[in-house]
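For reference, the structure is listed below as structure tokens.
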Amino acid sequence: ALGIWDETHVSHAIDPDAWARAVAQGKPEDGVPSLGIDMPPSRDFVNVGCCWRSGNAAHIQLVQRIPATRAGEAVDWVAERWPRLASVVIDAQSPAISLVPDLTERHVRVTVTGVRDIARACGRVTDMLAAGTLTHRPDTDQPQLAVAAEGATRRPVGQAGAWAWNRGTTDTDISPLVACTLAVHGAWNSKRNPARRQKVRVGR
């Protein structure tokens, strides 16, 4: 219409068949959880993704999607669970970075990622899906993550062939997928063991 073409997906960043094969009903019983937090450019929602790692396998799930006008609820939800988490991750370029001061005030230690971190995490997610070592809940249980996985494309990062998730169209919200990807990054890079008693500094 008016000489403007509809936007179309050139390619899927995630193989639809690999995503379909990865469906599982629940997390591993011995999985250690890590959280990732992301917001879309519109800042409409706070998405909290979780990755439960068990050895070389993992399960991802969108565990919270809260309107940004109630972002404090997301901060409270994460802070309550912090003692049992391996990590909480937010990307430096995400609008969710604005939540870091509030999380820090609640004694949550946030890992802030950069471009190379998110590129490695995206590669890990696709490699694990291809290998059958990453699972997720059925799409009907978390449709926002399903839409993000279907609509995500790739954008180049640097000159060495690395890439990260990109929106296939301007109205595609990939933040649920980004949140889960950040959680995967935390699961594989955090040294924190929530099962071990943590030393808490309470001042002099």
* Based solely on its DSSP helices, what 222 nm [θ] is calculated for the chain when runs of n ≥ 4 H residues each add -39,500 (n - 2.57) and the sum is averaged over all residues, nearest 500 deg cm²/dmol? -> -9500 deg cm²/dmol
* Taking N as the number of residues in segment 20-130, what is its Cα Rg relative to 2.2 N^0.38 Å? -> 1.07
* To do: Once you have the Cα-Cα distance between Glu29 and Asp15, take 0.36 nm times their residue separation minus that, and quote the gain in nm to one decimal.
  => 2.3 nm
* Structure fact -> Using alpha carbon positions and the Kirkwood radius, the Rg to Rh ratio of the chain is 0.98
* Structure fact -> Sorted list, accessible surface of protein heavy atoms, 1.4 Å probe, largest first, for Arg21, Arg70, Arg192 is Arg21, Arg70, Arg192
* Provide the solvent-accessible area of Asp15, counting protein heavy atoms only and rolling a 1.4 Å probe, rounded to the nearest 10 Å². => 80 Å²
* How high is the relative contact order of segment 58-184, in percent, counting Cα pairs under 8 Å that sit 6 or more residues apart? -> 28 percent
* Across segment 94-204, how large is the tail of the calculated P(r) beyond 21 Å, expressed as a percent of all Cα pairs? -> 48 percent
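The values are calculated or read from the model by the stated rules, or taken from the named source; none is laboratory data. The structure presented is a predicted model; accordingly, all values stated were derived computationally and were not measured. All accessible areas refer to the heavy atoms of the entire protein, side chains included, with ligands and DNA or RNA removed. Shrake-Rupley method; radii C 1.70, N 1.55, O 1.52, S 1.80 Å.
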